[in-house]
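Working notes, beginning with the structure itself.
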Amino acid sequence: MDALALLKDHANGRIRLERVFRDREDFLAHDDDWLISRFRLPRALLLDLIAELSPILERPTHRNRAIPAHIKVLTALGFLATGSFQRELSDRSGISQPSLSAALPAVLDGIIQMTSRYIRFPYTVVEQANSKRQFAAMSGFPNVIGAIDCTHIAIRAPSENEFVYVNRKNVHTINVQIICDPSMVLTNLVARWPGSTHDSFILAHSGVGNRLQAGAGRDGWLLGDSGYPLRRWLLTPFPNPQSAEERRFNIAHGRARSVVERAIGLLKNRWRCLDASGGRLLYHPRKVCKIIRACGVLHNLALRDAIPLPPDLPPPQHVDPDPQPPPRHEEHQHGARLREEVMRRV
């Protein structure tokens, strides 16, 4: 009878059960190898990142057990690094899955605010000089300031406008523009277009594309594949090489341009949430674009300090379709002459 009365009092709200808090794992107590394997950054960089994001994440709250900023940052990085479902991360961190979901956007926004410091396109002569030297040493091409390509990030089928996200491999994706320098540092990242969008359209409607078309790149060139139109600032391979010179040009062009393919592979390998091996990102496309942009900043942050990848990562699984020729256009005469001149020099 006493037990029955106790249950009745509890059901009527006259007895409050003591709230039980799960212990939170002290991630930062581990060594750098363990931290890199889970969060892709060593302790020193993690502490720097936490210190920078803390003012954004530590907002006033009436909760007795507010989630500390370092837990928000580390659990968000754990998701970006592994692509693991949030329930697994919440179990390890002691945070409920709804709380982790609520914390992720603030962490992403904080990292994205760092973009102007970590992802910068080289427009000035001084900024371009190092890239030109390195690309010339790699391929013999003078005046190259970057290589461009697009890559696809798999997503769940959206509830609205589903078909515009389907790429030519019949996968729902975001098509992301990447430009990098010879060291695989990203100098431009555009994440906003659905998977059916053509690569050349993204470039033509990007800030970098518009500025280069207006002459802001000075005498610097980008290297792009056959999915892009030939321009005075954008060198593409000969579509149907006929001579030994044209074939030699295409080989040298491909060797230099391959750096952007390696940069994309490194980006997806380090931040596995972007790779198909981590599953499709199960978020609204706008949130997926924020995830991609944040990973771009973190990619450059890791390269700046030469942070190694964890050993024994499985190979990435790509969902990128083969390059598609750009919509029919007139070949740019200045670009064609420039390509002929470069062909005779490499």
Would region 293-316 turn up any residue that is in contact with a strand residue (DSSP E or B) (Cβ under 6 Å, 6 or more places away or on another chain), crowded, with 21+ Cβ neighbours inside 10 Å and part of a loop (DSSP other than H, G, I, E, B)?
no
Residue under question is residue 269, and the condition is that it be without any contact (Cβ under 8 Å) to a residue 40 or more places away in the chain and part of a helix (DSSP H, G or I); does it hold?
no
Which of the residues belonging to region 177-213 are within 15 Å of residue 225 (Cα to Cα) and either β-branched (Val, Ile, Thr) or not in a helix (DSSP H, G or I) (or both)?
177, 178, 179, 180, 198, 202
Within region 297-346, residues touching an Asp or Glu at 6+ places or on another chain (Cβ under 7 Å) and closer than 26 Å to residue 280 by Cβ come out as 316, 317, 323
If we scan region 268-277, do we find a residue that is in contact with a Gly (Cβ under 8 Å, 6 or more places away or on another chain), among the small types (Gly, Ala, Ser) and open to solvent by less than 30 Å² (accessible area, probe 1.4 Å)?
no
Within region 117-158, residues being of a type in the set (Val, Ile, Thr) and surrounded by fewer than 16 Cβ atoms within 10 Å (Cβ to Cβ) number 3
Given (1) within 30 Å of residue 32 (Cβ to Cβ); (2) open to solvent by 30 Å² or more (accessible area, probe 1.4 Å); (3) part of a helix (DSSP H, G or I), where does residue 286 come up short, assuming only one miss?
(1)
If I ask for residues that are in a loop (DSSP other than H, G, I, E, B) and either without any contact (Cβ under 8 Å) to a residue 12 or more places away in the chain or closer than 29 Å to residue 161 by Cα (or both), which ones from region 226-252 would you list?
226, 227, 228, 229, 240, 241, 242, 243
Taking region 95-116 and the residues there that are among the small types (Gly, Ala, Ser) and touching a helix residue (DSSP H, G or I) at 6+ places or on another chain (Cβ under 8 Å), the one that is surrounded by the most Cβ atoms within 10 Å (Cβ to Cβ) would be 110
Residues of region 320-338 being modelled with pLDDT of 80 or more, within 31 Å of the chain's Cα centre (by Cα) and farther than 20 Å from residue 173 by Cβ, which ones?
335
List pairs: first in region 294-315 and under 14 Å from residue 191 (Cβ atoms), second open to solvent by 20 Å² or more (accessible area, probe 1.4 Å) and of a type in the set (S, T, N, Q), Cβ under 8 Å, 6+ apart or cross-chain?
296/115; 297/115
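The values are calculated or read from the model by the stated rules, or taken from the named source; none is laboratory data. Since this is a predicted model, take the numbers as computed values, not measurements. Ideal geometry is used to build each Cβ from the backbone, glycine not excepted, and the neighbour counts take in all protein chains shown. Accessible surface is based on the protein model in full, side chains and every heavy atom, while ligands, DNA and RNA are left aside. Shrake-Rupley method; radii C 1.70, N 1.55, O 1.52, S 1.80 Å.
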